[in-house]
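Report on the following structure.
What follows is calculated from the coordinates using simple rules that are stated; it is not laboratory data. Every value quoted in this text rests on a predicted model; they were computed, and no experiment measured them. So basically every Cβ, Gly included, is an ideal-geometry build from the backbone, and we count neighbours across all protein chains shown.
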Amino acid sequence: MDEWRRSGLSLGLVPTMGALHKGHLSLVKRSVAENDRTCVTLFVNPKQFGQSEDFEVYPRDENADSQAVQAWRADILFAPDLDEMYPAAAVTSVSVPGLGDVLEGEFRAGLFTGVATIVSKLLIQSMADRAYFGEKDYQQLRVIKQMAADLDIPTEIIGCPIVRDDDGLALSSRNSYLTLEERAIAPALHS
């Protein structure tokens with residue numbers, strides 16, 4: 001990415017936790033259209049999961065994700081391991097008090113500190129011109145925008161429209177957890 005920077009090329013960043021779907025594709029398409037180069041990240045961030053949450057079973061298929069990124073014309077897939085993102089000696093975290101402590105943050109303590117920490121690291125590492133996030137996770141998007149503004153990270157944070165399945169359910173990597181019954185009633189929740 002340093003070579004792209006030296007050449008004056010713009011860089012778009014699409015941070016993900018993998019299990020890529022059409023919602024992610026919409027972010028990649030927008031980045032490809034608006035930038036000279038696009039980097040998709042794939043990192044299942046343990047700091048976004050509570051003790052009783054689904055980190056161990058979160059959907060993962062790096063091979064399929066890699067193929068999708070290539071097919072979607074992104075230029076690079078950055079899939080760091082845990083030690084690369086959180087070296088043993090690292091103790092710093094980033095939080096956005098207030099905004100990260102209400103709504104979902106009230107019930108999932110530490111979630112948005114985990115989000116703000118990993119996204120700040122990815123933005124600084126890539127020095128992307130623009131980063132793309134789905135509006136499906138609206139509170140997360142607000143936290144990221146606030147964090148980037150507060151830390152003077154020069155990346156433009158861009159929210160992109162929600163992508164829904166044919167039945168109206170917003171696409172999510174966790175939809176694979178839904179039973180048939182839950183799947184049948186879930187689309188009504190957004191109406």
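Things worth noting here:
- Semi-axes of the equivalent ellipsoid for region 133-174, Cα gyration tensor, largest first, Å: 26, 9, 7
- GNM top mover of 168, 110, 100 - the chain, alpha-carbon springs below 10 Å: 168
- Length added when fully stretched, residue 106-residue 9, from 0.36 nm per residue minus Cα-Cα: 30.9 nm
- Cross-link check: pairs 22/47; 121/145; 22/145; 29/121 evaluated at a Cα-Cα cut-off of 20 Å; pairs beyond the cut-off: 22/47; 22/145; 29/121.
- Choice from 42, 169, 178 showing the highest fluctuation, given a GNM over the chain with Cα pairs closer than 10 Å: 178
- Taking amide H as placed 1.01 Å from N in the peptide plane, the amide H of residue 10 sits under 5 Å from that of 36, 37, each at least 5 places away or on another chain.
- Within region 65-93: backbone nitrogen closer than 12 Å to the residue 150 label point (7 Å, Cα to C-beta): 93
- Comparing 25, 11, 82 in a Gaussian network model of the chain (Cα springs below 10 Å), the most mobile by mean-square fluctuation is 82.
- Farthest positive-ward along the chain dipole, Cα basis, beta-carbon charges - from 158, 97, 52: 158
- Cβ-derived FRET efficiency at R0 30 Å, residue 83 paired with residue 36, nearest 0.05: 0.45
- Peptides 16-23, 91-98, 67-74, 115-122 ranked from most to least packed give 115-122, 16-23, 67-74, 91-98, packing being the mean of other C-beta atoms within 10 angstrom over each peptide's residues.
- The magnitude of the dipole of region 7-79, with charges of +1 and -1 set on the Cβ of Lys/Arg and Asp/Glu and taken from the Cα centre, is near 280 debye.
- Environment charge at residue 173 (Cβ cut-off 15 Å; Lys +1, Arg +1, Asp -1, Glu -1): -2
- Between the beta carbons of residue 53 and residue 76, assuming R0 = 22 Å, the FRET efficiency works out to 0.15 to the nearest 0.05.
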